[in-house]
Amino acid sequence: MDFDDTPEEADFRAGVRKTLEEHAGELLHAGAGEDVVDARTHEAEMRRTQRVLHEAGLIGITWPREYGGQGGTLVQQAIVQQELARAGVPPLVNHIGLGMCGPTVIAHGSDEQRSRYLPRLLRADDVWCQLFSEPASGSDLAALRTTAVRDGDDWVVNGQKVWTTLAHVADFGILLTRTDPEKPKHAGLTMFVVDVHAPGVTVRPLRQMVGSAGFNEVFFDDVRIPDAERLGEPGEGWRVALTTLMNERVAIGGAGSDLGLPVETLAAHARERLPRLDPERQVLARQAVGRAVVAALATRYTGYRRFTVLSQGGLPGPEASAGKLAGTAAAKLVADAGVRLLGDDAVYAATADGDDTWQRTQGYVPGLAIAGGTDQVLRNILGERVLGLPPEPRLDKDPGGRR
Amino acid sequence: MNFDLGPDQRDAAGGARDFYRGSASPAAARAALEGGPVEPGHEALAGIGYLGITVPESAGGAGGSLLDLAVVAEQGGAVLAGPSLVTAARAAVLLAEHPDLAAQLADGSAAFAVLDGPVTGSAPSIDAAGATLFLGLDDGALVVGEGEATPGRPLDATRGLAGVRLTSRRVLAEDAGALWARARQVAAVVLAAEDLGAADAAVQLAVDYAKEREAFGRRIGSYQAVKHMLVDAWVGVDQLRSLVWWAAWAADAAPDELPLAASAAKAHAAEVLERAAETCVQVHGGIGYTWEHDAHLYWRRAKVDRLLLGDAAEHLDAVARLAVAGALG
């Protein structure tokens, strides 16, 4: 047992670190906890940052070389992620495209689609989004109602998607539609690549509960998509979507990084703020800080165990869902302890000198518990696929997902 | 990074599982509440060499690491075995400079207990009820001696708890405060390892039942209210394993990290085992509340262990102080 890189991993990490140092002046850097979803203001700089990283060989680590990737391993990908975080580079503008859309195109797209889309995605010439959730189908994704109807060489799409991260800056998306309403719900779906700038596509930013607009609702009114933009066969959309969702789990279930603010940030905050509290309050605040630190460390070290599996050539299994579930709980404890340490300022949206680091991370937590699998859906996955508990009886096997 | 057990540790864990399953059980823990012996007992543990895992080979031990001992302790915890390997690990640290006594620890010719609190009247201390030699901290000095043990009415008879008044004492080392603190951290790690085994077993017992038991025409594990309880208990166990391995590894490989890791593991263990045991009783319903069922034996272990060697509040406070002082790096 050790927490060190293998010699090969250490060489790779040193190379990544050197590359990032060489290009530091060309990269966007974020302060800890900066709102990562608000891409609009930084869009051009974020696209440039990804392009610089791509030219330096740090983007698409696990992707095939023929499409501009590096042909590397999941461990190398994780090391790049860790080094980007260490260097203070914010999440990449195309994180949805790199984590989910691209792998789906690689697995199910035609050669023509791969050549056309993947190199531009890697360079952030095109930003991608994932058009899955709808107003009436979030956790129950396969109940979606957006339709695609065949018309000559095209499909005509009508419907609405929602909670679409990055749609307001995106150029393309992968779009899950219902193409056969007479089939049982999972069997009537088909996946497409859609041009977000095409006629009939309307993107409206949605203001989130914290006030900023990081995601969107997207309307489709008679949008024409050529049949050549289909991903997989008609009716195979669910299988294609599972590829996307599995990659999402790899992307989120990561190797021991904190989901909210790093716990080291809480420790530094406590060092400064604890002495300012009443002595009796200090006792209680230390309990809250201690609880948050334990939860964060337990999640982090469990992530190291998953990372070890990757390092030995394994694939992430359903237990990766536990990382997101526990990471969300830890993020809530860290955020709560951080806010409480603010004393009287804790009831405001920012401190008297305008710092809203802790209030912002507090507002981020409810979204964490929903996005990429709600806490409840993750518990179902863990209960059924890890513990082997029986599933609930289902009432939704009728055509088109209707009851 | 290789945060996993090695092949030798996996083999040792497998061997320990077989040994403990063959020599201890929740049924024995139940019988101990009614006056029966604690199983497998001091002699059997000495015989298989578990009391000397971390004692140097030169003193008749196996010269192993704390991680080697922790993976064995986990298996003992799973079947509520006694005496605890907490004492073996803690005494091995305290006796590092006293090979003659360490040899008696390893071969079982003396049954040690380590006293918490004043040696003139200690706090309830693990395995003190059956001990023949006691180690204590007296005015900053490490002492060994004989004593008079006064057990209370046991909540969990496998822990052998008793308060002790030393009747003789010999100083082994002056200014032993730092050594004593490190031994107590090592003890906390081993207690967390035994709690890991107990919590894992309690969750498995409940999961197995939820797959079989039917109510309202369905197996109860299909209900989300039951499923989610079990998942939360399991996630706690999975995370506790990470903290126990880290803390046990740190004891030998990164001693600077031990205080933080040991307190994190002990605080988490207290809450994880309590939740696992309470979930186990609740998922079983009425049968889980009976004397004949094993659930209450895990519950008893949880209610006792959470308070031994410092409760969660003490260890959370320690974690916070260490983190604020820069222990996270």
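The values are calculated or read from the model by the stated rules, or taken from the named source; none is laboratory data. Given the structure is predicted, the values throughout are model-derived calculations rather than measurements. In this analysis, Cβ positions are derived from the backbone assuming ideal geometry, glycine residues included, and neighbour counts consider all displayed protein chains.
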**Request:** Could you please tell me which pairs satisfy a Cβ distance under 6 Å, a separation of 6+ or placement on different chains, a first residue in the stretch A:235-249 that is aromatic (Phe, Trp, Tyr), and a second residue that is not in a helix (DSSP H, G or I)?
**Result:** A:Trp238/A:Leu189
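Of the residues B:Ala103, B:Ala96, B:Ala91, B:Ala131, which single one is modelled with pLDDT of 95 or more, surrounded by fewer than 23 Cβ atoms within 10 Å (Cβ to Cβ) and either in contact with a Phe, Trp or Tyr (Cβ under 7 Å, 6 or more places away or on another chain) or part of a loop (DSSP other than H, G, I, E, B) (or both)? Steps first, please.
Numbers: B:Ala103 fails: either in contact with a Phe, Trp or Tyr (Cβ under 7 Å, 6 or more places away or on another chain) or part of a loop (DSSP other than H, G, I, E, B) (or both); B:Ala91 fails: surrounded by fewer than 23 Cβ atoms within 10 Å (Cβ to Cβ); B:Ala131 fails: surrounded by fewer than 23 Cβ atoms within 10 Å (Cβ to Cβ).
Only one candidate passes the filter, namely B:Ala96.
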**Item:** Matching option when the condition is in a loop (DSSP other than H, G, I, E, B), in contact (Cβ under 8 Å) with a residue 40 or more places away in the chain and closer than 19 Å to A:Gln130 by Cβ, among A:Gly69, A:Gly88, A:Gly60, A:Gly102
**Value:** A:Gly60
**Complete:** (1) in the same structural domain as A:Ala228 (by TED's automatic domain parsing); (2) of a type in the set (A, V, I, L, M, F, W, C); (3) at pLDDT 95 or above all hold for A:Ala142 apart from (3)
**Prompt:** Which residue out of B:Gly60, B:Gly49, B:Gly41 is of a type in the set (Gly, Ala, Ser) and closer than 20 Å to B:Ala157 by Cβ?
**Reply:** B:Gly41
**Fill in**
Restricted to the stretch B:319-329 and to residues being in contact with a Leu (Cβ under 8 Å, 6 or more places away or on another chain) and assigned to a helix (DSSP H, G or I), the residue farthest from the other protein chains (Cβ to nearest Cβ) is B:Leu322
**Message:** I need the full set of residues from the stretch B:184-198 which are closer than 22 Å to B:Val235 by Cβ and either of a type in the set (Lys, Arg) or free of Cβ contacts under 8 Å to residues at least 12 places away in the same chain (or both), in order please.
**Reply:** none
**Asked** Got at least one residue in the stretch B:5-13 being more than 14 Å from every other protein chain (Cβ to nearest Cβ) and either within 18 Å of the chain's Cα centre (by Cα) or at positive phi (or both)?
**Response** no
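Yes/no per residue for (1) within 14 Å of chain A (Cβ to nearest Cβ); (2) closer than 30 Å to B:Gly35 by Cα; (3) modelled with pLDDT under 95:
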{"position": "B:Leu166", "(1), (2), (3)": "no, yes, no"}
{"position": "B:Ala198", "(1), (2), (3)": "no, yes, no"}
{"position": "B:Leu205", "(1), (2), (3)": "yes, yes, no"}
{"position": "B:Ile220", "(1), (2), (3)": "yes, no, no"}
{"position": "B:Val235", "(1), (2), (3)": "yes, no, no"}
{"position": "B:Ser242", "(1), (2), (3)": "yes, no, no"}
{"position": "B:Trp249", "(1), (2), (3)": "yes, no, no"}
**Message:** Anything in the stretch A:287-337 that is surrounded by 23 or more Cβ atoms within 10 Å (Cβ to Cβ), among the small types (Gly, Ala, Ser) and within 8 Å of chain B (Cβ to nearest Cβ)? List them, or say none.
**Reply:** A:Gly290, A:Ala298, A:Ala322, A:Ala326
**Asked** Has the stretch A:244-263 got any residue that is surrounded by fewer than 20 Cβ atoms within 10 Å (Cβ to Cβ) and among the hydroxyl-bearing types (Ser, Thr, Tyr)?
**Response** yes
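Hey, among A:His269, A:His186, which residue is in a helix (DSSP H, G or I) and in the same structural domain as A:Thr357 (by TED's automatic domain parsing)?
Details: A:His186 fails: in the same structural domain as A:Thr357 (by TED's automatic domain parsing).
Criteria check complete, one pass: A:His269.
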**Prompt:** When you go through B:Glu274, B:Glu292 one by one, which is the residue that is over 27 Å from B:Trp249 (Cα atoms) and of a type in the set (Asp, Glu)?
**Reply:** B:Glu292
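Being out of contact with any Lys or Arg (no Cβ under 9 Å at 6 or more places or on another chain) and not in a helix (DSSP H, G or I) is the requirement here; does B:His293 meet it?
Criteria met by B:His293.
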**Cβ-Cβ under 9 Å pairs, at least 6 apart or on other chains, the stretch A:384-395 side over 24 Å from B:Ala202 (Cβ atoms), far side surrounded by fewer than 16 Cβ atoms within 10 Å (Cβ to Cβ) and at pLDDT 95 or above** = A:Glu392/B:Arg218; A:Glu392/B:Gln224; A:Pro393/B:Arg218
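Scanning for something within 11 Å of chain A (Cβ to nearest Cβ), among the hydrophobic types (A, V, I, L, M, F, W, C) and under 24 Å from the mean Cα position of the chain (by Cα), does the stretch B:270-279 turn up at least one residue? Quick ask: steps written out before the conclusion?
As a first pass, look at the stretch B:270-279 and keep what is within 11 Å of chain A (Cβ to nearest Cβ): B:270-272.
Those still in the list that are among the hydrophobic types (A, V, I, L, M, F, W, C) too: B:270, B:272.
The next check asks that each one be under 24 Å from the mean Cα position of the chain (by Cα); those that pass are B:270, B:272.
Looking through the stretch B:270-279, at least one residue is within 11 Å of chain A (Cβ to nearest Cβ), among the hydrophobic types (A, V, I, L, M, F, W, C) and under 24 Å from the mean Cα position of the chain (by Cα).
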**Item:** Any chance B:Glu212 is among the charged types (D, E, K, R) and over 26 Å from the mean Cα position of the chain (by Cα)
**Value:** yes
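Has the stretch A:351-360 got any residue that is more than 14 Å from every other protein chain (Cβ to nearest Cβ), part of a helix (DSSP H, G or I) and in contact with a helix residue (DSSP H, G or I) (Cβ under 6 Å, 6 or more places away or on another chain)? Walk me through it before giving the result.
Narrowing the stretch A:351-360 to residues more than 14 Å from every other protein chain (Cβ to nearest Cβ): A:351-360.
Still in the list and also part of a helix (DSSP H, G or I): A:357-360.
The next check asks that each one be in contact with a helix residue (DSSP H, G or I) (Cβ under 6 Å, 6 or more places away or on another chain); those that pass are A:358.
Among the residues of the stretch A:351-360, at least one is more than 14 Å from every other protein chain (Cβ to nearest Cβ), part of a helix (DSSP H, G or I) and in contact with a helix residue (DSSP H, G or I) (Cβ under 6 Å, 6 or more places away or on another chain), which makes the answer yes.
Hey, among B:Gly77, B:Gly47, which residue is at pLDDT 95 or above, surrounded by fewer than 17 Cβ atoms within 10 Å (Cβ to Cβ) and in a helix (DSSP H, G or I)?
Working: B:Gly77 fails: surrounded by fewer than 17 Cβ atoms within 10 Å (Cβ to Cβ).
None of the others qualify; the one that does is B:Gly47.
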**Message:** Tell me yes or no: at least one residue of the stretch A:60-74 is at pLDDT below 90, under 30 Å from B:Ala253 (Cβ atoms) and more than 18 Å from the chain's Cα centre (by Cα).
**Reply:** yes
**Message:** Condition first: buried (at least 24 other Cβ atoms within 10 Å of the Cβ) and among the aromatic types (Phe, Trp, Tyr). Now tell me which residues in the stretch B:265-298 satisfy that.
**Reply:** B:Tyr298
**Message:** Step by step: first the residues of the stretch B:1-31, then only those that are part of a helix (DSSP H, G or I) and either in contact with a Ser or Thr (Cβ under 6 Å, 6 or more places away or on another chain) or of a type in the set (Asp, Glu) (or both), then the one that is surrounded by the most Cβ atoms within 10 Å (Cβ to Cβ). Which residue is that?
**Reply:** B:Ala29
**Item:** Unmet criterion (only one of (1) farther than 30 Å from A:Gln81 by Cβ; (2) buried (at least 21 other Cβ atoms within 10 Å of the Cβ)) for A:Gly235
**Value:** (2)
**Complete:** Exception for B:Asp68 within (1) touching a residue at least 24 places away in the same chain (Cβ under 8 Å); (2) among the charged types (D, E, K, R); (3) part of a loop (DSSP other than H, G, I, E, B) falls at (3)
**Message:** Residues that are touching a residue at least 40 places away in the same chain (Cβ under 8 Å), part of a loop (DSSP other than H, G, I, E, B), in contact with a helix residue (DSSP H, G or I) (Cβ under 7 Å, 6 or more places away or on another chain) and of a type outside the set (Phe, Trp, Tyr): does the stretch A:284-307 have at least one?
**Reply:** no
